[in-house]
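The values are calculated or read from the model by the stated rules, or taken from the named source; none is laboratory data. Given the structure is predicted, the values throughout are model-derived calculations rather than measurements. Cβ placement follows ideal geometry from the backbone for every residue including glycine, while neighbour counts extend to all protein chains displayed.
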Amino acid sequence: MIISGNSCPGRSTNLPEKNKAHSMIVGTGRAVPPKVLTNQDLEKIVDTTDEWIRERTGIQSRFIVEEGTANSDLCTEAALKALEEGQTDPRDVDLLLVGTVTGDAKFPATAVYVQDKLGAKKAVAFDISAACSAFVYGLALADSLIQTRGYKNALVIGAEILTSMTDWEDRATCVLFGDGAGAVLLKPANGPRGILGTYMMSDGSLADLLYSPGGGSRFPASHRTVDEGLHFLKMKGREVFKSAVQCMGDAAIKILEQTGITKDQVDLLITHQANIRIIRATAKRLGMPMEKVFVNIERYGNTSSASIPIALDEARKARRLKEGDLCLMVVFGGGFTWGSALVRM
Ligand code: UT7
């Protein structure tokens, strides 16, 4: 064993049984709103400093939406870029998954709004709720469905407007999050390129460490829920931090063991961009140098389910990932949920 440490709670029941690609990424895209909120802007809103935010999180600025922009708007922009790169007409999309916890409305799924905006009339469209892990869960699901149901053009999007549930008076959380969307287009693999394996895991006993309790069936939206701020995101940061390092490390180890690929063969590690200290600790646990780790948290903050696909798109466009490279993605989020995907680009 290359790496030491305790195992995360939960059983590894859903490891992939394969070591060959069933689907491959043929296009990626990202979208962020134009407005940038810097640490200096936040200093004027809450009792915080640029120094504290940079040292404790690595974040310098983040993109935030202005009133009137919905999740599906960002999804559609990111999806169109992925489709253009993949030279695919939106009308040929047959599977459309959106990972989000901040959809346009409580229902229907944001994915159906995106379907309508794209004119993807042939697609089956639905959302995945797995907090920050939803994009990797979506990748795993789409890969399986391409294999078992013969889908030909699958869009997997991670998109979040977490500022819609941010408590701007809570300095412990409001400095962390940003808005954005990332999308990938998957097609059946026709060579060595593609998704070599995926891994997913959850542990519901830790749900109350990171959640938004109001507005659901437990506490339906009312004056009381709003007065008590139950619609805001709540987080026990220190506990979440420890689990994030543990679980992302475990998810990386599982997928490497499952596929028989060593950490030295991995060209780029993309972790969920939640905190630079979490990213560094995960890399250290895996014994991977930071030169092999993609980091963009300083400009985006934590964009939850959008974090991995935005990073993936940036890494490809910046040529940090080239055709044939091995990319390891690891993610962690509320639920708790965590997972990984190993992809030959
Ligand atoms: O994407 C989902 C997963 N989410 C995460 O992975 C987030 C995981 N957690 C974290 O990234 C970190 O725990 C935080 C960035 C949220 C907090 O960093 P920390 O080093 O764990 O700080 P802490 O919560 O232990 O707080 C240390 C101090 C406290 O003051 P005292 O009690 O020591 O006097 C806080 O009140 O820092 C204070 N503090 C702040 N000070 C200035 C908390 N937030 C701020 C702030 N500005 N924004």
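Residue-level check: of (1) assigned to a helix (DSSP H, G or I); (2) among the aromatic types (Phe, Trp, Tyr); (3) under 26 Å from Asp127 (Cα atoms), Phe232 misses just (1). Of the residues making up region 213-225, none is touching a residue at least 40 places away in the same chain (Cβ under 8 Å) and out of contact with any helix residue (DSSP H, G or I) (no Cβ under 7 Å at 6 or more places or on another chain).
Looking only at residues in region 312-342 that are crowded, with 21+ Cβ neighbours inside 10 Å and in a loop (DSSP other than H, G, I, E, B), the one that is nearest to the ligand (Cβ to nearest atom) is Gly334. Of the residues in region 173-181, at least one is in a helix (DSSP H, G or I), modelled with pLDDT of 95 or more and under 26 Å from Gly229 (Cβ atoms). Can you confirm whether region 312-324 contains a residue that is more than 15 Å from the chain's Cα centre (by Cα), of a type in the set (A, V, I, L, M) and within 29 Å of Glu51 (Cα to Cα)? Looking through region 312-324, at least one residue is more than 15 Å from the chain's Cα centre (by Cα), of a type in the set (A, V, I, L, M) and within 29 Å of Glu51 (Cα to Cα).
Checked against (1) touching a strand residue (DSSP E or B) at 6+ places or on another chain (Cβ under 7 Å); (2) among the charged types (D, E, K, R); (3) within 14 Å of the ligand (Cβ to nearest atom), Arg280 meets all criteria but (1). Tallying residues that are more than 15 Å from the ligand (Cβ to nearest atom) and more than 22 Å from Ala130 (Cβ to Cβ) within region 234-255 yields 0. Within region 225-233, can one find any residue that is within 19 Å of the chain's Cα centre (by Cα) and either modelled with pLDDT under 95 or within 11 Å of the ligand (Cβ to nearest atom) (or both)? Checked region 225-233: at least one residue is within 19 Å of the chain's Cα centre (by Cα) and either modelled with pLDDT under 95 or within 11 Å of the ligand (Cβ to nearest atom) (or both). The lone criterion from (1) surrounded by fewer than 24 Cβ atoms within 10 Å (Cβ to Cβ); (2) more than 16 Å from the chain's Cα centre (by Cα) left unmet by Ser129 is number (2). Just wondering, is there one or more residues in region 262-272 that are away from the ligand (no atom under 16 Å from the Cβ), at pLDDT 95 or above and under 16 Å from the mean Cα position of the chain (by Cα)? Yes, that holds for at least one residue.
Please go through region 24-39 and give me each residue that is of a type in the set (S, T, N, Q) and more than 13 Å from the ligand (Cβ to nearest atom), ordered by number. Within region 24-39, Thr28, Thr38 meet the criteria. Would you confirm whether or not region 144-167 contains a residue that is within 14 Å of the ligand (Cβ to nearest atom), assigned to a loop (DSSP other than H, G, I, E, B) and surrounded by fewer than 24 Cβ atoms within 10 Å (Cβ to Cβ)? Checked region 144-167: at least one residue is within 14 Å of the ligand (Cβ to nearest atom), assigned to a loop (DSSP other than H, G, I, E, B) and surrounded by fewer than 24 Cβ atoms within 10 Å (Cβ to Cβ).
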